[in-house]
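So the structure is just underneath, and the comments pick up after that.
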Amino acid sequence: MTGPPPTATPINPVRDRQPPPGLRRILGRELRQIATRPALAFMLAPMPMIIFLALAAVFAPGLPRELPVAVVDLDGTTLSRQVVRMVDAASDVAVAQQVPNLSEARQALVAREAYAILVIPQDLERNLQLGQSPEVVIFSNSQFLQSGGTAARSMATSVSTFAAGASLRLLETRGIGTDRAMDLITPIPVQQSPLFNPSLDYIQFLLSAIVPTVMQIFICAAAVLSFSRERHSTGGMSRLMRLAKTPTNAIIGKLLPYTVLGTLVLLFGDVLLFTVFGADFRGNVPVFFLNGLLFILACQALGALIAMIAQDTTGALGMMAVIVAPAFGFAGVSFPRFGMTEFSQAWGAVIPLTPYLELRTDQTLRGAPLEYSLPTMAILFALLVVFATLLWITLRKAARLAATTSEVDL
């Protein structure tokens, strides 16, 4: 007597596509860790957003306006007062003080009441009428490089404009036609055409780079705290591997919540830049988004790797701060990388922020073709592969060591 024929077990395609059980366990466990730590949850999203909004409020004007300057008018004529009015009419500066001598102007500069000084020499009007070339002097506070440079440049432009007008009128009084006089004043005219950020907007130049810089610190810190918590708790590594089954499940499960939150926060910052502040975007949206995702993953892998190398959580956070906190200076935003020392270039090359900002600039301001951006993205991807591989190796080694230690204790 034969029994009923065996029935085939139905295949549930939805269930088969589910993540491995080990990954799901680690993911759920990490979400519970975040939920039970309000300070950590605040650091992951609200704090970066608050910082972004504060920075956005600082750079909202886009350009520095009405920088205070001091004027020393030693001539006191109608012509010299016209020079002062032209300087004051410029949008970048405002004549805050008119002092009788250079000593008082210097005091204003030292007291930070002025960023630059304009000195109009005595007999300016008389020397111009005689066809001589009086010298107008500009002193700027180079300690504040950007502010002092902007003020000095604005005043120099105003004085040059005045000088050209004065020369034109002088030549016309001698019977020279306007066109010929213009040719004599500027025998070789120079046309300057600033590209990619013609208005010298701080939002395009600085805020767009500071947002990812701040984000890199929070992303790395979150990864450091996540893995340090496992490594330095009793039985943490052996328990992690027992639940995850594989190092890959452990890495993905622990970092996935931070990946999602980091992506959303970075997206929030970009939406703020490109919509509210009107920053330019001339590139490819998928490439730009993929670049941001690779940046977040590389920062996470770097932070987790630091946590696995350092002796304790405090040491890991300190090491992370040493590596990524000065990243803005090594990324080539304010100082060109090709002018740096070899050490500085090497430091910048191993930080994910450097290739990310390079490609970000290509896609937002320059509108570079894809073939020019792919090599930079390949560098960022290579950093991700290197950091992730080293993390996988150190995690597996630490788990084996923890398991061996547990067996010896038993």
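Matching the structure-derived percent of Cα pairs over 27 Å apart against the labelled list (1) 60; (2) 53; (3) 65 gives the label (3). Take every Cα pair under 8 Å whose residues are at least 6 apart in sequence, average their separation, divide by the length of segment 26-119, and the relative contact order is 30 percent. For segment 67-185, the relative contact order comes to 27 percent (Cα pairs under 8 Å, sequence separation of at least 6). Among E135, E104, E230, the ranking by other beta carbons within 10 Å of each residue's beta carbon, starting with the fewest, stands as E135, E104, E230. Couplings 3J(HN,Hα) for segment 287-294, derived from phi with the Karplus relation 6.51 cos²θ - 1.76 cosθ + 1.60 (θ = phi - 60°), are 5, 4, 5, 5, 4, x, 5, 4 Hz, where x marks Gly and Pro. Comparing F335, F218, F227 in a Gaussian network model of the chain where C-alpha atoms under 10 Å apart are linked, the largest mean-square fluctuation is found at F335. Here's how it looks for Q98: its modeled amide H is under 5 Å from those of V71, which are all 5 or more places away or on a different chain. Estimated from helical segments only, the mean residue ellipticity of the chain at 222 nm is -20500 deg cm²/dmol, where each DSSP H run of four or more residues counts as -39500 (n - 2.57).
Between L74 and D312, the contour length at 0.36 nm per residue exceeds the alpha carbon distance by 79.1 nm.
Our estimate of slack between T178 and R37, defined as 0.36 nm per intervening residue step minus the Cα-Cα distance, is 43.2 nm.
Using the Karplus relation 6.51 cos²θ - 1.76 cosθ + 1.60 with θ = phi - 60°, the per-residue 3J(HN,Hα) values for segment 367-374 come to x, 5, x, 4, 5, 7, 8, 4 Hz, with x marking Gly and Pro.
In terms of modelled amide H atoms, which long-range or inter-chain residues lie less than 5 Å from the amide H of Y115? So Y115 has HN proximity to V69, A70. Structure remark: mean-square fluctuation, Gaussian network model of the chain, C-alpha springs under 10 Å; the largest value among P336, P48, P257 belongs to P336.
Of the residues A327, A94, A388, the one that moves most in a GNM of the chain with alpha-carbon contacts below 10 Å is A94. For segment 259-266, the Karplus equation 6.51 cos²θ - 1.76 cosθ + 1.60, evaluated at θ = phi - 60°, returns couplings of 5, 5, 5, x, 5, 5, 5, 5 Hz by residue, with Gly and Pro reported as x. Overall, the anisotropy analysis places segment 67-185 in the prolate class: the square-rooted eigenvalues a ≥ b ≥ c of its C-alpha gyration tensor yield a/c not less than 1.5, with a/b exceeding b/c.
If you plug the beta carbon distance of T275 and V385 into 1/(1 + (r/R0)^6) with R0 = 35 Å, you get a FRET efficiency near 0.55.
Placing a pseudo-label 7 Å from each Cα along the Cα-to-Cβ vector at S344 and H232 gives an inter-label distance of 3.3 nm.
Report the paramagnetic label zone for V110: residues of segment 146-165 whose backbone N is under 19 Å from a point 7 Å from Cα along the Cα-to-Cβ axis. No residue qualifies, since no backbone N sits under 19 Å from the label point. Placing +1 on the Cβ of every Lys and Arg and -1 on the Cβ of every Asp and Glu, with nothing else charged, gives segment 67-185 a dipole about its Cα centre of roughly 60 debye. For the chain, the share of DSSP beta bridges that are antiparallel, to the nearest 5, is 30%.
Here C299, C220 are placed in order of increasing Cβ neighbour count within 10 Å, fewest first, which gives C220, C299. Once the chain from K397 to V260 is taken as fully extended at 0.36 nm per residue, the excess over their C-alpha distance is 46.6 nm. Residue exposure proxy: S344, S160, S140, S133, ordered by other Cβ atoms within 10 angstrom of their Cβ from fewest to most, comes out as S133, S160, S344, S140. Taken about its Cα centre, the chain carries a charge dipole of about 2140 debye when Lys and Arg each add +1 at the Cβ and Asp and Glu each add -1 at the Cβ.
All of the numbers you see were taken from the coordinates with simple rules; none came from a lab. Fair warning: this is a prediction, and the values are worked out from it, not measured in the lab. Ideal geometry is used to build each Cβ from the backbone, glycine not excepted, and the neighbour counts take in all protein chains shown.
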